[in-house]
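Notes for the one structure printed next.
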Amino acid sequence: MACLPCIRGIIVLGDLPELRNISLMLPGLALYRIPFPFIAEESYAEAKRSNGSGADLIFTGVLTDYRLTVCANMEKQGISVKYSKAFVSRRRRDLLNRSAKLVLNIPQRQGWRWLSAMRIISALRSGRATVSLATRDDSNIAKCCQQIDLAGKDWVNQIKNAVADWRNVYRESLEVYLQMASDFEVRH
């Protein structure tokens, strides 16, 4: 609030964060929704060439206690998960993404419903789809990411099926993303 005289507007990628009623809280502040970036189809060619020979899943976010617990539970179920223990550069993250079959989105804490749009976009750019655990996001980016409920009985099989069919999961996610991004740009 103290910085308001220095701020001309807020730039939001796509539809998140929603910032409902921001004009009531900060009158006169402009809200700019920028379109989702285009992802070249070469990413699909890269996915077809790659063998995804590393872990089944990769997670490159900050490791909270909740995220570590989820990773440990998946490993107990026979799902290999690789994760970085420190921040990594964009280049290193892309290499890590390509070393696994799918990119994993895990909420910061239990009950956090939102996806990481940047994680999903960077995964698609790297030729990988994202699978999200325990989120209930209904934003535009959610159309491009399979969300799996950990409370469901069949969550292990859902993950294993996605890993087994990772190239098609990626192709479908990229197609949905490109259509969603185009539709969003037309609307906004």
Hey, if you drop one equal point scatterer on each alpha-carbon of the range 129-170 and run the Debye formula without solvent, what base-10 log of I(q)/I(0) do you get at q = 0.17, 0.27 Å⁻¹? -0.45, -0.98
Can you tell me the alpha carbon radius of gyration of the chain divided by the globular rule-of-thumb value 2.2 N^0.38 Å? 1.09
What does the helix-only formula give at 222 nm for the chain: each DSSP H stretch with n ≥ 4 adding -39500 (n - 2.57), the total divided by the residues, and the result rounded to the nearest 500 deg cm²/dmol? -12000 deg cm²/dmol
Just grab the label-to-label distance for Trp112 and Cys3, each label 7 Å out from Cα along the Cβ direction, in nm (one decimal). 2.0 nm
Please identify the helices of the chain, taking whole runs of DSSP H, that span at least 24 Å along their own axis as judged from the Cα atoms and have a mean Kyte-Doolittle score of -1.0 or higher. 166-187
Net charge dipole size for the chain [Lys, Arg +1 and Asp, Glu -1 on Cβ; Debye, nearest 20]: 580 debye
Rel. contact order, % - alpha carbon contacts under 8 angstrom, at least six apart, the chain: 21 percent
Run down the lysines and flag those whose C-alpha is under 27 Å from the C-alpha of Lys76, throwing out any fewer than 8 positions away in its chain. Lys85, Lys101, Lys153, Lys160
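Taken together, the values in this text are just the output of simple stated rules run on the coordinates, not laboratory data. Given the structure is predicted, the values throughout are model-derived calculations rather than measurements. All Cβ positions, glycine included, derive from the backbone under ideal geometry; neighbour counts span all protein chains shown.
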